[in-house]
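So the structure is just underneath, and the comments pick up after that.
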Amino acid sequence: MINAPSAATTAEVTEIDASARFPLLLLVGSALVWLVLSGALALVNLVQLHTPSFAAVCSVMTYGRVAAMQESAFIYGWAANAGLAVALWVLARLGGSSLRSLNWVLFGTAFWNLALLGGVVGIACGDALAHGWLHLPRYVLPLMLVAYGAIGVAGVLAWTGRRHEMTFAAQWYAVAALFLFPWLFSAAQVILVFVPERGVLQAVIAGWYVQGAWTLWLAPLALAAAYYVVPKVGGRTIASYDFASLGFWTLLFVGAWTGGRHFIGGPVPAWVVTVAGVSCALLLFHYMIVGLNLRGAFSGGGSVVLKFIGFGVVAYVLGGFLDAITAFRGIAVVTQFTFFTEAQHQLAVTGAFSMIMFGAIYFMVPRLTGQAWPSSGLVRAHYFTSLLGTIGLVVSLAIAGWIQGHDLNQASVSFEAIAAHVKVWLLLATAAQALLLLGNLLLLAHLLRAVVSNLASSTPANFRPGSTMEASAS
Amino acid sequence: MSDQNPIDPRLEQAGASDESLLAAHEKLLGKKPEDGAHYKMLPLVLLFVFSGLIFYAGTYLNHFAGHYDATIFNENAHPSTGAAPGAKIDPMVLGKKNYDQVCTTCHQATGLGVAGNYPPLAGSEWVNGSEERVIRIVLYGLKGRVTVKGTEFNAAAMPAFGKVAGSGYNWTDERIAAVLTYVRASFGNTSPAISADKVAEIHGKEGDRKEWSQEELLKIP
């Protein structure tokens, strides 16, 4: 067991953090293992895009299975574990009391990750489902739903048992994410997997699920982290806080309606696509308010935590604007069904979600362990690899997609010619992905070192005393 | 540790306690504007932006939502100019639209297919030959070996397009007739049109079945 910080440490780190230490570190640790695994698989995938024979010696390592394993490991391994850890911590801290039902969190985490492991092995064996963000084989899905519930209970109890009647934006987003994922996940399981709808409707539902899991689950988890950490580190209140609730409700009402943007140019009724395009435009209001609210992340001085989160906020808002622009049929005729959509996906999940989570993890882990991170060089190295890797990946995929889209619209250009035109950009994307993988390996190694050195020593970190910390208006 | 020190990434200090964070934001929401003549631009700007977005959304929906009709796939089908129910539709137009949305993925916009993978439609003996066979292929799909224009394709995987069990498309007999008519009169092909009645007749005769193989098809005249 890890040493508890001594009572002398100050009030900044309390029993709330100490009691949640093991379950939350387990969530963060599992998240990082999945992140590194998915990074390695993504690298294999990207190499296969320009060198198709690479590693494809057996069916397990062929492009389709690797892609399905990679996506599942990223979404349900990294994003879910990390997002839940941060959401539970934020809810406990703002709720003002220690997390309850932590045994359920431990059981839930164990079963979630075991089921996911079973699912990824299942995909390797050829049992994958054919829906975006829902490649995991049908036999692990119900167990994952139950495991998620077991983890989420602690968050719900922290919310209902909070000490203050008044609530804060970070809590809204965390609670919304906790409740909305089971709804999306169970509905998708029933109508896509166990009692599947047929024909066009199936594709429309799959699009609704992919988009909903982003706008109503992963995005709120990231926003919960950002709305908590930005004022917490900056010491100033959220700017233009009056509008935060408008931004929140816009996301909740409009978010899932944008699902049809995946079918622009596809064979679905016109209104599905039109409503999605309009929803993408309405959602701009949400992105503008998030940008206004979280602008404190850009005046963080030398804070690396705020640099991570600031990058994530920029990527999030930029991604929202790109979604709205590419939802126009005139633009989508080039970008749709190309690497450009993959660039948008990476901008959202890597640029926005992962970067905000990294910032939150760098802030949270010392408070859980009661000790500082072992090395400042590793933190900075991770920041720069993530920064360059994310920009390189998104920009090169976007350019590749644009070229590919223009070529595909000309019947005279052969597939071989298109592959040759985009090759150099795919090579760049591969290099960027390698950089991302390196950075994430550094973070995993750093976390292991932090935990091991924590076992060895009990010198508490020098947290600033809580009494001196008053939030000032911004 | 003093505030003048550069921030240590190993241990970033909090600038506000959780209590003060909640209290400060609670105060922000409870605050009534007291500063009389001094009024803020931001709420007005956001109000205009949001109204603008809603106005745009309403207009766009009105023009391009195709009456929220599940059978309208073209967003430009304006209610007043769109095809009225029961109106005669040119099979060549309907056929081209469906071809461009779906068939073109494999058989390409040129109808030439992809050498080694997808058989060509242009000049194909299957397309221009027996109506009986080509209707069955589109209705139920074709699986396995197939020889087109003297070239053998090893693993054809043409899916079923008709309203039959296991079809992901569920096209009506009329649509299938339109696509066939279009394909038989395009890419240099000059074979006669296929009627929806003929498709319906074969559909009725065969009922539900799995994909055809080349051998089975060749037995049919």
Mean projection of the alpha-carbon convex hull of region B:91-218 over all orientations, in nm²? 6.7
To test your reading of the geometry: what angle, between 0 and 90 degrees and rounded to tens, separates the Cα axis of helix B:196-206 from the longest principal axis of chain B? 80
Pairs of Cα atoms under 8 Å, at least six residues apart: use those to get the relative contact order of region A:269-352, whole percent. 34
Which of the lysines could a cross-linker span from A:LYS423 if the Cα-Cα distance has to be under 24 Å and same-chain partners fewer than 8 positions apart are dropped? none
How much of A:THR51 can a 1.4 Å solvent probe reach, expressed as accessible area in Å² and rounded to 10? 60
Given unit charges at Cβ for Lys, Arg (+) and Asp, Glu (-), the dipole magnitude of region B:170-221 about its Cα centre in debye, nearest 20, is 140
Given a Förster radius of 41 Å and the C-beta distance between B:ASP197 and B:LYS40 as r, what FRET efficiency does 1/(1 + (r/R0)^6) yield to the nearest 0.05? 0.05
Using every Cα-Cα pair within region A:229-326, state what percent have a distance larger than 22 Å. 38
What does a probe at A:TYR63 reach in region A:395-412, counting residues whose amide N is under 18 Å from the point 7 Å along Cα→Cβ? A:397-409
Quick calc, A:SER245 & A:ALA411: beta-carbon distance into FRET formula, R0 51 Å, rounding 0.05, result 0.50
Within region B:87-111: backbone nitrogen closer than 19 Å to the A:ALA56 label point (7 Å, Cα to C-beta): B:106
Over all residues in A:163-173, what is the mean tally of Cβ atoms on other chains that come within 10 Å of each residue's Cβ? 3
Taking amide H positions as placed in the peptide plane 1.01 Å from N, state which residues far from A:ALA239 in sequence (5 or more) or on other chains have amide H under 5 Å from it. A:ARG295, A:GLY296
Approximate spin-label separation A:ILE325-B:VAL114, in nm, with each point projected 7 Å along Cα-to-Cβ: 3.0
For chain B, longest principal axis from Cα atoms; helix B:18-30 axis from its Cα atoms; angle between them, nearest 10 degrees, is 90
Using a 1.4 angstrom probe, figure out how much accessible area the protein assembly as shown has per residue, in square angstrom, rounded to the nearest whole. 42
Helix runs (DSSP H) in chain A reaching 18 Å along axis by Cα, Kyte-Doolittle at least -1.0: A:15-50, A:80-95, A:102-124, A:141-160, A:169-188, A:200-213, A:219-234, A:270-293, A:304-326, A:355-369, A:376-408, A:415-456
With label points built 7 Å along Cα→Cβ from the Cα atoms of B:ALA185 and B:GLU216, find their separation and express it in nm. 3.1
Shielding of A:258-270 by partner chains, average beta-carbon count, 10 Å: 3
Potential extension, B:ALA155-B:GLN101 segment - 0.36 nm per residue separation minus Cα distance: 17.1 nm
Quick one: what are the phi-derived ³J(HN,Hα) couplings along region B:56-68, Karplus 6.51/-1.76/1.60 with θ = phi - 60°, whole Hz, x for glycine and proline? 4, 4, x, 5, 5, 4, 4, 7, 10, 8, x, 6, 6
Counting only residues 5 or more places away or on other chains, whose amide H sits under 5 Å from the amide H of B:LYS163 once H atoms are built in the peptide plane? B:TRP171
Quick one: compute the contact order of region B:91-218, relative version, from alpha carbon pairs under 8 angstrom and 6+ residues apart, as a percent. 28
Charges at C-beta only: +1 for Lys and Arg, -1 for Asp and Glu. How large is the resulting dipole of chain A about its Cα centre, in Debye rounded to 20? 540
What is the magnitude of the charge dipole of region A:303-436 about its Cα centre, with +1 placed on the Cβ of each Lys and Arg, -1 on the Cβ of each Asp and Glu, and no other charges, expressed in debye to the nearest 20? 420
Suppose only helical runs count, i.e. DSSP H with n ≥ 4. What mean residue ellipticity at 222 nm does that imply for chain A under -39500 (n - 2.57) per run, divided by all residues and rounded to the nearest 500 deg cm²/dmol? -23000 deg cm²/dmol
Name the residue farthest towards the positive end of the dipole of chain A from the options A:SER97, A:TYR241, A:THR167, assuming +1 on Cβ of Lys and Arg, -1 on Cβ of Asp and Glu, about the Cα centre. A:SER97
I need to check one value: relative contact order of region A:343-474, counting alpha carbon pairs closer than 8 Å and at least 6 residues apart, in percent. 37
In Å³ per residue, the alpha-carbon convex hull of the protein assembly as shown encloses 167
Can you list residues from other chains, or at least 5 along the same chain, whose modelled amide H is less than 5 Å from the amide H of B:GLY144? B:ALA156
Mind checking A:297-306 for the average number of partner chain beta-carbons within 10 Å of each residue's beta-carbon? 3
Just to confirm the number: angle between the C-alpha axis of helix B:173-184 and the first principal axis of chain B, 0 to 90 degrees, nearest 10? 70
Taking 7 Å along the Cα-to-C-beta vector as the label spot, tell me the B:ALA77-B:LYS27 distance in nanometres, rounded to one decimal. 6.1
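The values are calculated or read from the model by the stated rules, or taken from the named source; none is laboratory data. Predicted, not measured: the structure shown is a model, and the values here were computed from it. As a convention, Cβ positions derive from the backbone with ideal geometry for all residues, glycine included, and neighbour counts pool all protein chains shown. For accessibility, only protein heavy atoms count, side chains too; no ligands or nucleic acids. Shrake-Rupley method; radii C 1.70, N 1.55, O 1.52, S 1.80 Å.
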